[in-house]
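Trainee: Got a structure for you, questions after.
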Amino acid sequence: MKLASLRAGRDGKLVVVSNDLAFWSDATAVAPTLQAALDDWDRTEPKLREIADDLERSAIPRTPFDEREAAAPLPRAYQWADGSAYVNHVALVRQARGADMPQSFWHDPLMYQGGSDGFLGPRDPIPLADEAWGCDMEAEVVVVTGDVPLGASADEARSHIRLVGLTNDVSLRNLIPDELAKGFGFFQSKPASAFSPVFVTPDALGDRWDGGKLHGALCVDLNGQPLGRADAGADMTFDFGALIEHAAKTRELCAGTIIGSGTVSNRDGKGGPGRPIKEGGEGYSCIAELRSVETIVWGEPQTPFMRHGDTVRIWMEDQKGQAIFGTIEQIVVQTRDV
């Protein structure tokens, strides 16, 4: 089952989307918003599935689905916590700047709590006031939970995953060092993230979903050229069960909590720091990792961060070449042009 939110008010209008992303049907008779559906999932989920089945059979009214009319599936959320499950990414970034890699990073997930009061839609522009801030994309997988009890184990946590999707977790790289140096975490360096047009129930992903990881190439294009095709299921040190367990160690998580994987990153098969797609590698899911590899290989970065007018596309395809979650496609614009 695939769910989306069309633009309407602050929290969108809940719709069910066909498996091929061609049509949508109104689901507001079941729940007005996706958050309302998640709050009462035991009641709403079967009814939403009835709509999904009827939509596939063309048994109910349907409307062509235009991803440009979609907001983020959760236009705002009670909680957005982003992990760093692909420790290879962290290792490369730290290696490039000559920093040691603490062994704890391999068994204790990194996680920060991001701003969740407003997310970008999948085709919304990325507002950037100053190119010197170092605008970067981060292609990631996300899950949305139901209510998760305090102290939930990883196995228990996996049973609370309701939906799976993609995000572009925008980062302002050149603001990060000074913020982290204060010892109090990200804020200005982490503006609004964008999410895929639809979120998908795990059962609809087939063998792409193993209970805690999403498998398949996460496609990233920068200005129309392939940047990344990393496999989201490979080299994921912490699966979503482990990330949710980490988040719930000292608090309950409410329905509608979004948990991010962090930048998807694959090791190089030949033992090196990772190779571009044109050199036979899997590429990169963010510019910072590419710049880190360039620094390791050549002594300094070669690729600039995103500038006004640059575009990024993020998607994942099924076996037929169809985008599973739809496509995040964004252009960087001056803030005055938003």
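Trainee: Looking at segment 307-338, which of its residues are of a type in the set (D, E, K, R) and farther than 24 Å from Val144 by Cβ?
Mentor: Those that are of a type in the set (D, E, K, R) and farther than 24 Å from Val144 by Cβ: Arg307, Asp310, Lys320, Arg336, Asp337.
Trainee: I've got another one for you. Residues of segment 161-205 being more than 30 Å from Asp318 (Cα to Cα) and in a strand (DSSP E or B), which ones?
Mentor: Once the filter is applied, which keeps residues that are more than 30 Å from Asp318 (Cα to Cα) and in a strand (DSSP E or B), segment 161-205 yields only Leu172.
Trainee: Right, here's the next one. Which one of these is over 28 Å from Arg123 (Cβ atoms) and either part of a loop (DSSP other than H, G, I, E, B) or within 20 Å of the chain's Cα centre (by Cα) (or both): Ala255, Ala234, Ala288?
Mentor: Result of the check over Ala255, Ala234, Ala288: Ala234.
Trainee: Which residues, taken from segment 267-283, are of a type in the set (D, E, K, R), open to solvent by 50 Å² or more (accessible area, probe 1.4 Å) and assigned to a loop (DSSP other than H, G, I, E, B)?
Mentor: Once the filter is applied, which keeps residues that are of a type in the set (D, E, K, R), open to solvent by 50 Å² or more (accessible area, probe 1.4 Å) and assigned to a loop (DSSP other than H, G, I, E, B), segment 267-283 yields Arg267, Lys270, Arg275, Glu282.
Trainee: Just give me the residues in segment 284-305 being crowded, with 23+ Cβ neighbours inside 10 Å and in contact with a Gly (Cβ under 9 Å, 6 or more places away or on another chain), in sequence order.
Mentor: Tyr284, Ser285, Cys286, Ile287, Ala288, Glu289, Ser292, Val293, Phe305
Trainee: For segment 105-123, check the following and say yes or no: at least one residue is on the phi > 0 side of the Ramachandran plot, out of contact with any Lys or Arg (no Cβ under 8 Å at 6 or more places or on another chain) and surrounded by fewer than 20 Cβ atoms within 10 Å (Cβ to Cβ).
Mentor: Within segment 105-123 (the criterion being on the phi > 0 side of the Ramachandran plot, out of contact with any Lys or Arg (no Cβ under 8 Å at 6 or more places or on another chain) and surrounded by fewer than 20 Cβ atoms within 10 Å (Cβ to Cβ)), the answer is no, since none of the residues qualifies.
Trainee: Taking the condition closer than 22 Å to Ala204 by Cα, free of Cβ contacts under 8 Å to residues at least 12 places away in the same chain and open to solvent by 10 Å² or more (accessible area, probe 1.4 Å), does Arg57 pass?
Mentor: Criteria met by Arg57.
Trainee: Confirm whether Phe195 is under 22 Å from Tyr78 (Cβ atoms), crowded, with 20+ Cβ neighbours inside 10 Å, of a type in the set (Phe, Trp, Tyr) and touching a residue at least 24 places away in the same chain (Cβ under 8 Å).
Mentor: yes
Trainee: Between residues in segment 166-190 that are among the acidic types (Asp, Glu) and residues that are open to solvent by 90 Å² or more (accessible area, probe 1.4 Å), which pairs lie under 7 Å by C-beta distance while being six or more apart or on different chains?
Mentor: Within 7 Å, the pairs are Glu179/Phe187; Glu179/Gln188.
Trainee: Give Ala232, Ala204 a once-over and let me know the one that is more than 19 Å from Gln79 (Cβ to Cβ), of a type in the set (Gly, Ala, Ser) and open to solvent by 10 Å² or more (accessible area, probe 1.4 Å).
Mentor: Just a single option satisfies the conditions, and that option is Ala204.
Trainee: Spot the failing condition for Ala36; the list is (1) in a helix (DSSP H, G or I); (2) modelled with pLDDT of 95 or more; (3) crowded, with 22+ Cβ neighbours inside 10 Å, and only one is missed.
Mentor: Failed condition: (3).
Trainee: For residues that are crowded, with 19+ Cβ neighbours inside 10 Å and either of a type outside the set (Asp, Glu) or in a helix (DSSP H, G or I) (or both), tally how many sit in segment 134-160.
Mentor: The total comes to 15.
Trainee: Please state which of the following conditions Ser84 fails to meet, knowing it meets all the rest: (1) within 20 Å of the chain's Cα centre (by Cα); (2) at pLDDT 95 or above.
Mentor: So Ser84 meets the others, but not (2).
Trainee: While we're looking at this one, here's another question. Among the listed residues Leu48, Leu21, which satisfies the condition of being more than 25 Å from Arg123 (Cα to Cα) and surrounded by 18 or more Cβ atoms within 10 Å (Cβ to Cβ)?
Mentor: Exactly one of Leu48, Leu21 is more than 25 Å from Arg123 (Cα to Cα) and surrounded by 18 or more Cβ atoms within 10 Å (Cβ to Cβ), namely Leu48.
Trainee: Can you give me the number of residues within segment 265-286 that are among the β-branched types (Val, Ile, Thr) and in contact with a helix residue (DSSP H, G or I) (Cβ under 8 Å, 6 or more places away or on another chain)?
Mentor: Number of matching residues: 0.
Trainee: Here's something else I'd like to know. Testing Cys219 on (1) buried (at least 21 other Cβ atoms within 10 Å of the Cβ); (2) touching a strand residue (DSSP E or B) at 6+ places or on another chain (Cβ under 6 Å); (3) farther than 30 Å from Leu6 by Cβ, one condition comes back false. Which one is that?
Mentor: (3)
The values are calculated or read from the model by the stated rules, or taken from the named source; none is laboratory data. The structure presented is a predicted model; accordingly, all values stated were derived computationally and were not measured. A quick note on method: Cβ atoms are made from the backbone with ideal geometry, for glycine too, and the neighbour counts reach across all protein chains shown. For the accessible areas, the whole protein counts, side chains as well, though only heavy atoms, and no ligand, DNA or RNA atoms are used. Shrake-Rupley method; radii C 1.70, N 1.55, O 1.52, S 1.80 Å.
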